[in-house]
Every structure is written in structure tokens, then in C-alpha cells.
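Before any comments, here is the structure.
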Amino acid sequence: MEFQYTIWIVALPLLAFLINGLGSGKLPGKISGWIATIAIGISTFLSYQTAFQYFSSPSRDKIIAFKTTWLRFNDTLHIDLGVLLDPISVMMLVVITTISLMVFLYSQGYMKNEKGYDRYFAFLSLFSFSMLGLVVATNLFQMYMFWELVGVSSYLLIGFYYDKSSAVAASKKAFIVTRFADLGFLIGILMVSFYTGTFDFEILTNPDNLSFSTTASFLGLSTITWALLLIFMGGAGKSAMFPLHIWLPDAMEGPTPVSALIHAATMVVAGVFLVARLFPLYHAFAPTALEVVAFVGAFTTLFAALIACTQYDIKRVLAFSTMSQIGYMMLALGVSGYGGEEGLGYTASLFHLFTHAFFKALLFLGAGAIIHAVHSNDIREMGGLRKYQPITHLLFLIACLAIAGIPPFSGFFSKDEILAATFATHPIYFGIAVAVAGLTAFYMFRLYFIVFWGKEKTYDHTPHEAPTIMLLPMIVLAVGSVLTGFIPFGHFISSDGQSLDLHINWSVAITSVAIAFAGIVVAWKFYKTESDSSDKVARSFGSVYTSALNKFYIDEIYILITKGIVFRLIAQPLAWFDRNIIDAFMNLLAAITNWISSQIKEFQSGQVQKYAFIFISGVLIIVLSFIYATQ
Amino acid sequence: MGTSAIIFYTIATIMIVFSLLAVTSRKILRAAVYLLFALGGTAAVYFMVNYFFLAAVQLIVYAGGIVVLIIFSILLTSHIEEKMQKPDSWKIILTSILGLGGTTLCLYVITNHLFASQPSTGVEATMTTIGEKLLGYREGGYVLPFEVISILLLAAMIGAIVVAKRNKPEGNG
Amino acid sequence: MNILISHIAVPVLTTLALMFASTQKQVRTIAAGGMTIQLIQSLVLLYLFLQERAGGNDAVVLFKQSFAWYPSLGISFDLGVDGIAVAMILLTSIVIFTGIFASWEVDKLYKEFFISLIVLAAGVYGFFVSLDLFVLFLFFELAVIPMYLLIGIWGSGPKEYAAMKLTLMLMGGSALLVVGILGVYFTSDVEGVRTFNILVLGQHHIPIEMQRIFFPMLFIGFGVIGALFPFHTWSPDGHSSAPTAVSMLHAGVLMKLGGYGCLKVAMFLLPEAAQEMSWIFLILTGISVIYGALATVVQTDLKYINAYSSVSHCGLVLFAILMLNKTASTGAVLQMISHGLMTALFFALIGMLYSRTKTRIITEMGGLMKVLPFLSVCYVIGGLASLGLPGLSGFVAEMTIFVGAFEHEDLFHRVATIVAVSSIVVTAVYILRVVGLLLMGPVRNEGYYNFPKAKWFEKIATVSLIVGILVIGLTPLWLSDMIRDSLGTIVDKLVLK
Amino acid sequence: MVEQVPLNHALIITTLMFFIGVYGFLTRKNLITMLISVEIMLNAVNLNFVFFDHYLFPGKLEGHFFSLFIIAIAAAEAAVAIAIFINLYRNIRSIDVEQVDKMKY
């Protein structure tokens, strides 16, 4: 097997995690950062090697590079741990290792003075390991395992500042919401495995080989549709799709590099990856589920974009923008067909995933550099930073242009493909997508103008440019943001493994670029210099603006359901019921026994004559019954 | 009805009557005396069946020993002039029901059972036979129970002394 | 000497040796030494067992030995272990080993404490190695009775009440067990020869009418100690009052006697009734799982939290057993072991935290991660295992149960499974709630900074449990295969109608 | 006598006597009178032994000896009982059976 070395891509970060985790607090100086970085560096190298080797051969078959049985359930079902190489997993390997390496490097500067430096790199390595394990999973269950590990490492990293209550609450929220989504995923896995008898992707993604042994349906949808919907629920949870998105903005409590790596570039696209992984299954057996995917994607992209326009926390703006972009990817997957030009959406989605990883990571790292300099997350406390941070300013601008979809930056190409895919199939979705393109440009440049232009604020100490070790990864990512759009992506990844030529649909492209420019211009008008025009516009929107500012009150609804209903109306009464009904019943039994015994204690009166009376009566009764019995 | 039958029924009547009196009399000393008569009646029955030794023992031990003991203890513990309280009426009723029920039951069994009486073989309970049997250790001998009862009597004697003795160290004595 | 006999002999000898010890140091050295030997010989047993199996010995039970005890009644002291018993013995050895270290600082009547504890362990070992129902029951009682003393004397809070309640409820279960065992004994005679031997009984056929009577008795009888809803209420009170090592041993091992007994006695001997009645108990255990989890969410006492979560987890064990297939039953045994280790770890840690903070109410604590990093990390690992993180034992067990349960042909069973699966969310909620309130957040009290760091014996206790959790979590295959192989005889009986 | 009085009649007498004793034992409050009742019962039993011996197994003398032993034991019993009564009287100034309930529960 020529690809056997790929196991090291996954194993090295694990090794780094173990060294840093067990040696936490004992390792000298900042060595743990280097251990982790070197490990992920080698992984990155190996990933590029793999990508080169894999894509240079014309075949796009699935290759099992490594496989071992980890747990056997019965004769057919077993969990394997292994490495599956196919176009999307190789692509993901490249994305994850690249972004990870950049973030690891950046973190060495960003986290330099933090307590728990070892711990940070241990968790970060754990995350990289889990994410890599997730994308190379050979079967659904392996994916689920790493899916959970990813969730935990995300939990640990969000709660990195564990003595800050808001961070603890955010980490808890993130974990529980995604856990709830994972419940759907797990049930979906169970249902799929029940009807197909396998977890294996090799079989599952080859619909010709599959036959579902049931035609059972529930609420008008076939069981397999339900199963795939539930699996999508898992994906939606991780990818922060509406209405399971509420954890993502709060997750920004974690250190900024973590947000860049986990909550922008890699983990949150796991849902997209999941749907893409099972795409043949969705397409062949559950077109309804795919429609749901498209709808959720479209709704989320619009919904998040609207909220992003109103937020003042720099990281939250980016978080909502992430949601919006992932919504794009989901939308593209949902409208996609299978094979040839039909499969454009599939390719577009993954293309966008690829490019998005670069510019979104760059945005977050840039935001990190800004926060590092200003010591605040609130953009109202920033302004005129272009003077203090010229390089960051430039890099941030590149990323903004990329996400806004201005040619020739990478975002333009991938977004254009998505728009083209929706244009061909669903005009309504196309409309939404174009509108969101405009909104995206608007809110990104709103951010940009407020932070880097605008009126200069008074700072506690003069903001400074980020150190080299932080700038370097940003520059690499910026180069990626510029160049990745020119990759002939369709040659590498397509729904059916055949090469697909991507060409720019000019009518769509012109529309979207025009809209994007419009967005930029509006943002420039409003925010270039401090003016109250934006407030006026905001006020004219009235309640829409307020509700967007409050994230459409989704959080409040969640709190109502969890705290108000589950906690107060179910769990508390249950606990009360247990103590006061069930347990009281047991105590009642004891009390009854006690009472009876205190009653019959009276027989033991100490009165000899009573004893004798009872004794003699007893004898007589026995004799009587004997006589009766013998007759 | 022969003479012995007449005598028997007379004695039986006496026994029953005095037994009844013994358990109902409200003067305690009288109860003891009535008991003496009932015991005497029993001894008479023993005489009638030619168990002279037994009759003698009955008279000596019971009438002579136990009744005297009882009378002494009455003198020690009770005021002989005093009439005892009448027992509670519910107690009387319940006990009577029990007693009558028991009697009826037994009588029912007795009258319904046909006993195959054996004619007397003429083996007399003479002192010789009694002595041989009591001290015999072969089949039909009672030396073991005899010895055991001897020990029992000894133990009872010592026990009685210990129990009845005033406990010196504490108390008012 | 037969290794199974020495498994009973070592605790007994340790107890005897303890009687002659005088100082606290001697007592705990002897106890620790004895239990270390026990742990080592359990590992040897595992090794020998796997060797035998690898050598192709596929007898139902290995290391069989039989001593006639009361032949005219068919009672004999029959020993033998299958894979399940080996696994449970190993669990017991680990838990009692760590339990000794967790109670290192007991200073009130320490000699008597360790003696009772080890007698209890001896009962558990006897239970797992016995093949004879009568002897099995004898050892069961031997394990339950010392509990009364241990809670009543060394407990905290309303200890007399808790001890009485626990003992009485378990005795109530025992009463049903006696009837059930005798019922099986009397209805299964072949040509007038009666036996208590499980393997022999397993070959007899008991009339279905009789099974219907005795199955619920046996199942509920064992279910009481397995915290079957609604007979679980001894668990919160008992565990919260018991001293650390006793909670560990009780939740870690004793509650498993229930699941083990249900599987190997109730289900094995009365398969038809088990099939007929499984739905009733399935509902009850399903309730246990969800109800226990939800009730945990609002508890504030650490021990109550753990006790209720044990109800939920042990409910899952019985739930899986009732699914009547190999995979789910394998999962049940795995869950018993996994939960045994986890809950022992939790109770050990709770004891250690309590010895420092003097409170068990989570809302009164906070920020312990900063002052007690070692113990806190252990707690987090235990929590993650409990909520089923892959790589730790809980995941292996729960997934095996869920996959197995979902294999069931009947829709009702699958729906029940989905209900049970949803407990993983609730589990996450309560685990994270505890972790958040207890370990994270700002340090609540300046005095916390003076807490002594984890001592060596505390480290031994927690680390050995965590190693157990990790070994199962990372390499589950050998264990699950060992259990699966042994389940054949039981499950085959259940499936064939 | 055997010829003239049937065994049944003899047994009726003893039965009556026995239950009279029972009645006395259950109704009397004074311990000594209770002892008297016990003696009556013993006596009835003795008579029964003798009658059975005499009517059904003549010449064996088993009933005879049984009665003999019972008398001996009754003597012992009476002695101990009265010793207890006296002690009791000394302690609680009463030999009323209803006041002797120290040993309840």
C-alpha cells in the first residue's frame, strides 16, 4: 500500500497531545508549542504529499490506506478505525493541516503570555487529531467517534479560560447543543445500519449496491429519509445551521486562534463534509432530505447575514458570517444533482468550503491581531487602526474582498459556482443567495471601515502591529485567499468522480459582483467616517433591526425551553416526584410495617393468661381442622 | 348397675363438684381445701382400679405435700379472710366458651370412638412388681426416668431454695 | 490450588490477618497488600482464561471445580467462570484495590472497617465464581450484610436511616430471590434429582406457567440491587450516607450483581418467560434510564448526582439485557464494567474533595480546577467517560448497547432504544453542569488555596481507575469478544423459541 | 369396675375435670389459685393415664408409672412455683398475675 504513511497524518497530532497532556506543567519553557507545531507540520507535509500523489493519478476511487477492527458488534456490524482516501477527504486533509499549522504558529505568538500554554497546545493537538480522524473515517461510526472527540476538544478550547463564567457557560452550551444534534446523528446511524447492515462508506456511498429492506414510512416520509434527516441534524448542529446555531456566537469566548481553526475553518464545516460524504445516499434515496438541506442552508445564510449586519462584537460578526457562508455550502449541496453538470452544486459547495477556510481563518487571525492590540472585542471601541497596524490592515482587506466575492479573489470563484448552481435549479434560492452576497459585502466592509478607518478612539496604550510569528501565518493565508480561486477544482472533486470543467457564468457573476460592490459602497457611505446615517437607517427598520440585534431572540427561546420547560417543568418535578412519591412510597411501606408491628406487639402483653388463652384456642382450632380433614 | 359403678359415679360427682368449687371459690383457703377433696377423690379412683401404691403416693404427695405447701404459701402471701375479686365478666364468658368448646370437642371425639376394652389380666400392681419395674434396667424397666426424676427433684429443691431466699446484698433485707 | 478458590481465600486470609493487626499502619498495609495480591491474581486469571480460550477450550465455564456440600438437597459448592465472570472479577479487584487506597485515612475503628470491607468483597467474589444457586445466594447475602454495618457505623448524615433503608430494600429483593430460586429448584427436577447448579438447571425445561411466576420474582429480586425503577430509592440515600470506599464498592460492584444475576439466572433459566415479559421490564428500565438522568439534572449534592446517574446507567444495563440479543447483552456487561469503574472513580473523587471542602453541595463550591488540578482533571475524565466520549469506556459500552438494541426486529424495541439513546444528551447536561459549577469558574473561597495537593494514595486510587477506563475505551475488542463468546449459551436459549 | 363402667364415661369425667382446670387457669387472678387449677389439670391427665392403662393395656402398668412420675414432677413444679410466688410477693407485694408483665415486648 503506497498510502500507508497517511496514518501518521492522524497519529502525529495525537502523539503531540499525549506528550503535552501528560507532561503538562513539567515541560520546560515554551517547548510544548514547538512539539505541537512540529507534529502538525509533519502532518501538513504528509498531507500535501498525499494530495499530490492522489490527485496526480487519474483515478478518483476510494482507497483504504489503513484499516483495523476496533470493536465488533455482530457478524456484520463492526467499527473499524482506518484511513479512507478519496477526493474530499484528501482535500479536507490539506485544508485542516494547512489551517492548523498556521493557527499553531500564530498561537505561539498570541498565547505567549497565557497561563496553561501546555494545556492549550495539548487541546489544540487533540482537536487536530480528531478532525483529521473525522475526515479520513472509513465508516459512519468512526466518523461519529471523531465527531464526538471534535466536540469535546471544542468544548475544552472554548472553556479554555475556565475561571471566566461566560466562557464556561459558552463551552457548556456549545457542547450540549451539538450533543443534542449528535443524538440525531446517532439515531440516524442506527437506522441506516439497521436497514443496510453496514457502517462502511465504501458500501454506503455506492447506491447501486444498496437496497433498503424496508418500505416502512413514518409521517409520510420513508424511514431512510428520516434516517438521513437525522444524520443531517447532526451535521446541522456542528455546522451551526438554524435552529441549532446558537452555540456558535457564544463559542467566540474561546481564544481567537481557536475560533479561527475550529469555529471558522474546520470543525464547523464538518456538517457540510458529512452531507457531502453521504451525498450519493442522499441523492439516491432521500431527495426530500436534500430539499430540507437546501432550505435550511438558504434560510441560515440569510438569517445569519442579517444578524451579522447588526452585531458589534468583532468575533460575533465573523461568527455569523461563518454561519452564513456555511449556509451557502449547504444550499449548494442541497440543490445539487448527481453526475456531470448536474453535480455542479456539490463541487461548488466543497470549493467554497476550501476557499472559505483560508479567508475566514485569515479574518479571524486578523481579528485576533486586532484584539491583541486593542484588548477589546467591541468594534465601537476601535477605529483608525490602519495607522497602527498597516500589515494587518492590508491582510484583512484581502480577506474582506475575498469573502465579498470580488474578483480575482478566491471567494469570487467559489461563490460564483454556488450562485450558478442555484440559478440553474431554484430561482428563489438564487435570489436569496444574491441578496446574501450583497449583505456579506456590506457587513464585512462595515466591520472593515469601522475598525480600520472611522474615528480614532482613545486607547489605553498605543496599538501595535502583531509580532512576526503571528503575521507570517496570516500572510500565508492571504496568499491562499488570493490564489486558491484559480485551482481547477472541478478536476479534483466532483459528485461522481468524473472531471468537471468549471467555467464562470458571466451573467451570474456580473450580478453578484455588482451587488457586492453596492454593499461595499453602502458600507463605505455609512461607516467610512463616523456619521449617524447608519443609525437613522437602522432606526427606520425599527423592530426588524432590534430583533436582528438580539439575534432574533432565538437564544431566549432556547433558554425558555431548557431552563423553563425542561429544567423547571420536567426535571425538578421529577426529582420531587422521586423523593416525595416513589421514595415516600417505600418509606410508607416501612411505616406500615412499623405500625403493624406496633399493633401486634400488643399480643406480647406479658399476661400469661392471654398467652394461654390463645394457645389453647389454637390447639382447639388445629384439632378441629384435623377432625374436619379426616372426615 | 353394680356397686362399683355406683361408687365410681359418686366419686366422680364429688371430684367434678369440688374441682368446680376449687376454681370458682372466692376464698382462697377454701379453694385449696376443695382441691384437697378433688385430689382425694382421685386417690379413691386409684384404689378402685387396684393401684394401691399410686393411691398412696397421690395421698401423700398431693394431699399431704402439695396442698400443704399451697396452704402455707397462701398464709404467707394472702389475707385469708379477704374475698378475692370476681374475675371480669368478659373473661368468664370467653373462657367459658373456650372451655365448653374444648369439652364438646373432646366429648365428641370420645363418644364417637369405640374403645376395645381388654379384660383384666389379673396382674396386680403389687409392691414387688412396682419395685422391680422401677429399678429394672431391662425392657420394661424405668430406672432411667427414675434417676432423672431424682435429679430433677434435687434440682427443684435447690432451685426453690435459691429462688425463695431473700437476696441479701441489695433490697431492704 | 484452583485460582478461583484462591480468589475467595485471599480476602478471607486477609481478614484473618487483619484481626491480629493493631496499629493503623499495620492494618492498612495488610489490607493493601492483600488486595494487591488479589488484583494480581485477577490479572493472572484473565491471562489464564484467555490462554485457555485461545487454546481452543470452548467449555461453557472454565476452571470448574465442585465440592459436595449437602448432597441430599443437591447443594454443592460449584465453581467456574466464563468470560463475563472473569470480567466482573477483574472489575471487583480494581475497585476494591482502589477502595482500600481511597479509605486510607479512615481512623475510626479502622480495623473493623477494613475487615467489613474485605468481607464484602469476599462475598462479591464468591457470587461471581459460584455456579450453584444456593451458594450464589449465600454469597450475595454475605456481600449485602456488611453494608449495613459499614454505612451505619462509618457513614455520614442520616446514616442509620440510610443503612436501614438500603439493607431492608435489598433484603426485600433477597426475599423475592429466595422464592424465585426455590421455585426454579422445585419445578425443574428431572427424575426426582434436584440440583441448584445453574448449568444443569439451564438444560432443564421449566414449564412456562411456572416461569411466568418465578421470572418476575428473580428479575425484580436482582433488579432491586440493580436499581430498577421504582425500587431504586435506596441508592441516593444509601450512597450519600456511605463512606467513600463503600459507595465505590457498592455502586461499582454490588449494583452489578443485579445485572449479572438478571442475565445469568433470571434470563438464562427462564427464557420463555423472559421473552414474554420483557416488554414490561423494558418499560421500567427505559423509565429508569431517562428518569434517573433527568432527576440528576437538578440535584445539588455530588453524591446524589452520582447516585441518580447510576440509576440511569444501571437502568441501561438491564435495558440492554432485556433486548435479548448478543450484542446488546455484550453491551450490558461492558456497561457494567465501565460504569463500575466510572462510578468508583466519581465516588473516590467526591470523597477526596469532601475531605478538603467539607461540603458536597456543588453550588457552594467552585473553581476547584485551579486549586486541585490533579483531582479536577480526573473528575473531568470521569465525566467525559460518563457522557460517552470515544476513547473512554462509556462510549464502547453505550454504543454496543444502542447498536444491539436497535438490531431488534420489533419496532417497539427500537422506539424504546431511541428513547434510551436520548439519555446521552441529558447525561451531557448534568455532567457539564457539575463540571462547570464545581471545577470551573472563579475560585470560591480564599481558603481553597490552602488545600493539600493530591496525596500518593489518592493518586494510586484515581490513576488505577482511569487506566482501567482508558484500556477499555481504547482497546475494547478483546474484552467485548471475550464477553460475546460467553454469552452464546445464554442468548441462544433466549432466541430459540 | 371395667365391666361396670365403660371407658367412655371415665374419660368424660376426666375431660370435664381438665377443662375445669383450664377455666380456672384462665380466669383466676391469684397465682396460687392458678397453681391449684394446674394441679386439677394434672390430676385429670393422671387419671386418663390410669384409665387407659387399666382398660386397654391391663398388666403393662405403663400408665401407672407415668402417673407416678407426673406426680413426682408435679411436686417439683409446685415447689419451684411456690418459691417463685414467694419471691414475687416479696418484690412487688402482690401475686396477682396481671401485674406480672415485666417481660412483655
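Values in this text are rule-based calculations from the coordinates and carry no lab data. From a predicted model like this one, the values you see are computed outputs, not experimental measurements. All Cβ positions, glycine included, derive from the backbone under ideal geometry; neighbour counts span all protein chains shown.
Quick one: net charge around C:MET171, please, counting Lys, Arg +1 and Asp, Glu -1 for every other residue with C-beta under 11 Å from its C-beta.
On the way: positive: C:LYS165; negative: C:GLU141.
That works out to 0.
Among the lysines, which fall within straight-line cross-link reach of D:LYS29, defined as a Cα-Cα distance under 26 Å, with same-chain neighbours fewer than 8 residues apart omitted?
The qualifying lysines are A:LYS601, A:LYS610, B:LYS27, B:LYS83, B:LYS86, B:LYS91, B:LYS165, D:LYS102, D:LYS104.
Can you sort A:TRP147, A:TRP226, A:TRP595 from fewest to most other Cβ atoms within 10 Å of each residue's own Cβ? Working shown, then result.
Values: A:TRP147 30, A:TRP226 21, A:TRP595 10.
Result, fewest neighbours first: A:TRP595, A:TRP226, A:TRP147.
In deg cm²/dmol and to the nearest 500, what is the mean residue ellipticity at 222 nm of the protein assembly as shown if only DSSP H runs of at least 4 residues count, each as -39500 (n - 2.57), divided by the residue total? Write down the numbers at each step before the final one.
On the way: 58 runs with 974 residues, N = 1406.
When only DSSP H runs of four or more count, the value is -23000 deg cm²/dmol.
Classify the stretch B:1-82 from the C-alpha gyration tensor, please: rounded if a/c falls under 1.5, else prolate or oblate depending on whether a/b exceeds b/c.
oblate
Of C:VAL265, A:SER336, C:TYR110, which is farthest on the positive side of the dipole of the protein assembly as shown, counting Cα position, with +1 on Lys and Arg Cβ, -1 on Asp and Glu Cβ, and the Cα centre as origin?
C:TYR110
Which entries in the list A:LYS173/A:LYS415; A:LYS387/A:LYS525; A:LYS315/A:LYS360 go over 23 Å, if you measure between the two C-alpha atoms of each? Don't jump to the answer; show the numbers that get you there.
Numbers: A:LYS173/A:LYS415 31 Å; A:LYS387/A:LYS525 21 Å; A:LYS315/A:LYS360 11 Å.
Pairs exceeding 23 Å: A:LYS173/A:LYS415.
How much length is gained if the chain between B:GLU132 and B:LEU94 is pulled fully straight, taking 0.36 nm per residue apart and subtracting their Cα-Cα distance, in nm to one decimal? Mind showing how you got there, number by number?
On the way: separation 38, 0.36 × 38 = 13.68 nm, distance 4.82 nm.
Length gained between B:GLU132 and B:LEU94: 8.9 nm.
Taking the Cα centre as origin and putting +1 on Lys and Arg beta-carbons and -1 on Asp and Glu beta-carbons, what dipole magnitude results for chain C, to the nearest 20 debye?
Working: 27 positive and 27 negative charges, 298 e Å.
Dipole of chain C, to the nearest 20 debye: 1420 debye.
Take every residue in peptide B:53-59, count the Cβ atoms of other chains within 10 Å of its Cβ, and give the average of those counts.
Values: counts 2, 10, 1, 0, 5, 5, 0.
Other-chain Cβ atoms within 10 Å of each residue's Cβ, averaged: 3.
May I ask you to sort C:VAL253, A:VAL566 by Cβ crowding, counting other Cβ atoms within 10 Å and putting the fewest first? Display every interim value, and only then the final one.
Working: C:VAL253 30, A:VAL566 16.
Ordered by Cβ neighbours within 10 Å, fewest first: A:VAL566, C:VAL253.
Give me the aspartates and glutamates in straight-line cross-link reach of A:LYS172: C-alpha distance below 13 Å, same-chain residues under 8 apart excluded.
Filter leaves A:ASP250, A:GLU253.
Among the complete DSSP H segments of chain C, which ones combine at least 30 Å of alpha-carbon extent along their axis with a mean Kyte-Doolittle hydropathy of -0.5 or more?
On the way: long enough: C:24-54 (44 Å, 0.54); C:133-154 (32 Å, 2.36); C:159-187 (41 Å, 1.24); C:271-297 (38 Å, 1.17); C:326-357 (45 Å, 0.87).
Answer set is C:24-54, C:133-154, C:159-187, C:271-297, C:326-357.
Using 7 Å Cα-to-Cβ label points, what is the A:GLN631/C:LEU411 separation (nm, one decimal)?
About 6.3 nm, to one decimal.
Measure nothing fancy, just the Cα-based angle from helix A:583-600's long axis to the longest principal axis of chain A, in degrees from 0 to 90, nearest 10.
Long axis of A:583-600 versus the principal axis of chain A: about 10 degrees.
Can you sort D:LYS29, A:LYS238 from fewest to most other Cβ atoms within 10 Å of each residue's own Cβ? Walk me through the numbers on the way to the answer.
Numbers: D:LYS29 19, A:LYS238 29.
In order of increasing Cβ crowding within 10 Å: D:LYS29, A:LYS238.
Just tell me how shielded B:154-160 is by partners: mean number of partner chain Cβ atoms within 10 Å of each residue's Cβ, no decimals. Could the numbers behind the result be given before it?
Working: counts 1, 2, 10, 5, 0, 5, 10.
For peptide B:154-160, the averaged partner shielding equals 5.
Sticking with the crude label model, points 7 Å out along Cα→Cβ, report the distance from A:GLN572 to B:ILE80 in nm, one decimal please.
Spacing of the two 7 Å Cα→Cβ label points: 8.5 nm.
Would you please put A:607-618, C:220-231 in order of how densely packed they are, using the mean number of other Cβ atoms within 10 angstrom per residue and starting with the highest? Write down the numbers at each step before the final one.
Numbers: A:607-618: 15.2, C:220-231: 26.1.
With the highest mean Cβ count within 10 Å placed first, the list reads C:220-231, A:607-618.
Taking only Cα atoms, what is the 0 to 90° angle, nearest 10, from helix A:427-452's long axis to the longest principal axis of chain A?
Value to nearest ten degrees: 70.
Any idea how far apart A:THR76 and A:SER507 come out in nm if each label point goes 7 Å out from Cα toward Cβ?
If labels sit at A:THR76 and A:SER507, their model points lie 4.9 nm apart.
Calculate how steeply helix D:7-27 sits against the longest principal axis of the alpha-carbon atoms of chain D, using the helix alpha-carbon long axis, and give the answer as 0 to 90 degrees to the nearest 10.
Helix D:7-27 sits at roughly 0 degrees to that axis.
Taking the Cα centre of the protein assembly as shown as the origin, how large is its charge dipole in debye, to the nearest 20, when only Lys and Arg (+1) and Asp and Glu (-1) carry charge on their Cβ atoms?
Working: 80 positive and 79 negative charges, 766 e Å.
Once rounded to the nearest 20, the dipole reads 3680 debye.
How shielded is C:286-294 by partner chains, expressed as the average number of their Cβ atoms within 10 Å of its Cβ atoms? Intermediate values should be presented prior to the final figure.
Working: counts 0, 0, 0, 0, 2, 6, 2, 2, 9.
Whole-number average of other-chain Cβ neighbours for C:286-294 is 2.
Please state the charge dipole magnitude for the stretch A:349-477, taken about the Cα centre, from unit charges on C-beta atoms (+1 on K and R, -1 on D and E), reported in debye and rounded to the nearest 20. Provide the component values of the computation, followed by the final result.
Working: 8 positive and 7 negative charges, 34 e Å.
Roughly 160 debye, rounded to the nearest 20.
Shape call for the stretch D:7-92 from the C-alpha gyration tensor, a ≥ b ≥ c root eigenvalues: rounded (a/c under 1.5), prolate (a/b greater than b/c) or oblate? Display every interim value, and only then the final one.
Values: a/c = 7.06, a/b = 1.81, b/c = 3.90.
In terms of gyration-tensor shape, oblate.
Quick check on the stretch A:399-525: take the gyration tensor over C-alpha atoms, sort the square-rooted eigenvalues as a ≥ b ≥ c, and tell me if it's rounded (a/c under 1.5), prolate or oblate. Please report the intermediate quantities before stating the final value.
Values: a/c = 3.39, a/b = 1.52, b/c = 2.22.
Here the stretch A:399-525 falls in the oblate category.
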